[in-house]
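Below: the structure, in structure tokens.
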Amino acid sequence: SDKAIEVAKTLAKKTDSAARFICSDIYNLPNQLDEKFDFVFTTYGTIGWLPDLDKWAKVINHFLKPGGQLIFVEFHPVVWMFDDNFSEIKYAYFKQDPIIETEEGTYADTNAPIVQKTITWNHGLGEVVDSLLSNSMLIEEFKEYDYSPYNCFNGTIEIAPGKFRIEKLGDKIPMVYAIKARKK
């Protein structure tokens with residue numbers, strides 16, 4: 001968001017960091033940035049906002065130099081199948097229609113006095129991997145984890161420093177996955 005970039009620029013200036021920030025729809029970024037990179041890093045909670053992972057993977061391919069690496073960590077799609085309290089399976093594992101919800105608060109502040117409509121998509125692992133493979137990426141590593149590094153779900157307990165699980169589900173579901181891929 002423009003507001004987040006404004007704060008980031010202020011922090012970069014205060015810390016004398018040489019950083020550049022761009023606010024863009026990810027699918028439109030190739031029209032705004034003309035560089036190639038050794039690494040692309042995509043982190044938690046990003047692809048759920050994207051309806052088309054093939055377009056996402058095309059953007060990754062566009063910005064990586066030959067031999068460049070993608071490092072991707074994301075919440076496991078199994079987590080997004082449940083309702084907020086992990087009491088029932090509410091959504092399909094395989095992407096069908098968008099998930100449209102009205103929520104109070106934000107993911108950064110669940111008590112914020114905001115009511116908003118969100119539109120997200122649940123992308124299964126096959127869809128993620130296929131989108132990367134179809135766009136000249138070679139999967140070098142794939143790992144799944146039965147914990148989250150963040151206490152961001154209802155009913156979590158810390159099982160070790162920086163490792164959180166849904167208490168009533170224990171180690172029965174995957175919570176996070178990671179992919180390391182290289183551009184062919």
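See the values below:
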item: Karplus 3J(HN,Hα) series, Hz, for region 160-169 with 6.51 cos²θ - 1.76 cosθ + 1.60 (x for Gly, Pro); result: 7, x, x, 10, 10, 10, 6, 3, 6, 9
item: Sparse-neighbourhood loop sites, GluC sites (Glu not before Pro) in region 15-95 - DSSP loop, at most 11 other Cβ within 10 angstrom; result: GLU35, GLU88
item: Within region 1-66, trypsin sites (Lys or Arg not before Pro) in DSSP loop having at most 16 other beta-carbon neighbours inside 10 Å; result: ARG20, LYS36
item: Global geometry of region 59-161, whether rounded, prolate or oblate, following the gyration tensor of its Cα atoms and the 1.5 cut on a/c; result: prolate
item: Three-way shape call for region 22-76 based on the alpha-carbon gyration tensor, with the a/c threshold at 1.5; result: oblate
item: Contact order normalised by residue count of region 18-97, Cα under 8 Å, 6+ apart, percent; result: 29
item: Distance between region 4-36 and region 67-138 - C-alpha centres, whole angstrom; result: 24
item: Taking the convex hull of Cα positions in region 1-110, its mean projected area over all directions (nm²); result: 9.2
item: Carbon and sulfur %, accessible surface of the chain computed with the full protein complex present, 1.4 Å; result: 53
item: Cα lying deepest toward the dipole's positive end in the chain, options LEU169, SER148, GLY67, charges on Cβ; result: GLY67
item: Links that overshoot a 28 Å alpha carbon limit, given the list LYS58/LYS180; LYS65/LYS143; LYS14/LYS65; LYS90/LYS172; result: LYS14/LYS65
item: 20 Å tail of the calculated P(r), the chain, as % of Cα pairs; result: 62
item: Sites matching chymotrypsin sites (Phe, Trp or Tyr not before Pro) across region 75-184 that sit in DSSP coil, with at most 12 neighbouring C-beta atoms within 10 Å; result: PHE94, TYR107
item: Given charges at beta-carbon only (K, R positive; D, E negative), |dipole| of the chain in Debye; result: 700
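The values are calculated or read from the model by the stated rules, or taken from the named source; none is laboratory data. This structure is a prediction, so every number in the text was calculated from the model and none was measured. Neighbour counts are summed over all protein chains in view; Cβ atoms, including those assigned to glycine, are modelled from backbone coordinates with ideal geometry. Accessible surface areas use protein heavy atoms only, side chains included; no ligands, DNA or RNA. Shrake-Rupley method; radii C 1.70, N 1.55, O 1.52, S 1.80 Å.
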